[in-house]
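K.L.:
Take a look at this one; I'll ask things after.
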Amino acid sequence: MKTLIVAAAEGEPINPVLPHTSEIIIGLIAFLLLFFVIKKFVSPKFEAVYAERAAKIEGGIEKAEQAQAEAQRLLEQYKAQLAEARAEAARIRDDARIEGEQIISELRAKAQEESARIVAAGQTQLETQRAQIVAELRGELGRLAVDLADRVVGESLEDEVRRRGTVDRFLDELDNTSAPAVK
């Protein structure tokens, strides 16, 4: 400002577009000083922060890629385990089905054996009862036949040997006539 006043007093016309030479020199020195401070102190800090952020971003990207690769590996491992588990389940189902069929066939065989045993026991019991009934009927039929023969013939069949022979002959004839009908 002082220069403007001095220049106005000398009578020179003041050009507002062109500054004075002293202002240009002072501005240039201030600019160079500011440029030096920025270049020496501020710019390295910005570069360091920029490099650090770039490294973090690259590290983050690398970590993300590693995490993605790990996730892909785990996914493949999970799929393999799942397929293995499904195969194991199918094998277990097949084994259970085969074992079930074996158990059913064993139970059928046991049931058939038990049924055959029960039928055989029933047949044996039936034969025993039949023999017992036949023996009882022979005795009863022999006594009745002797009584009837006594009445018809009029002679006494008291003799044990004759009576037994007559009864046995009668029963044999009766068995021969009734045997085809029973069987």
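Bear in mind these aren't lab numbers, they're just calculated from the coordinates by the rules spelled out. Computed from a prediction, not measured in an experiment: that's the story for all the values here. Backbone-built Cβ (ideal geometry, glycine too); neighbour counts: all protein chains shown.
K.L.:
When 1/r is averaged over all different Cα pairs and the result inverted, which Kirkwood radius in Å belongs to segment 43-93?
P.N.:
Details: mean 1/r = 0.0711 Å⁻¹.
Every distinct Cα pair counted, the radius reaches 14.1 Å.
K.L.:
Using θ = phi - 60° and the Karplus form 6.51 cos²θ - 1.76 cosθ + 1.60, what ³J(HN,Hα) does each residue of segment 56-64 get, whole Hz, x for Gly and Pro?
P.N.:
Ordered by residue, 3J(HN,Hα) equals 4, 5, 5, x, x, 5, 5, 4, 5 Hz.
K.L.:
With labels modelled as points extended 7 Å from the Cα through the Cβ direction, what inter-label distance (nm, one decimal) is found for residue 43 paired with residue 29?
P.N.:
Each label point is offset 7 Å from its Cα along the Cβ direction, giving 2.3 nm.
K.L.:
Ordered by residue, what ³J(HN,Hα) values in Hz, to whole numbers, does segment 110-118 give under the Karplus form 6.51 cos²θ - 1.76 cosθ + 1.60, where θ = phi - 60° and Gly and Pro are x?
P.N.:
Result, ordered by residue: 4, 5, 5, 4, 4, 5, 5, 5, 5 Hz.
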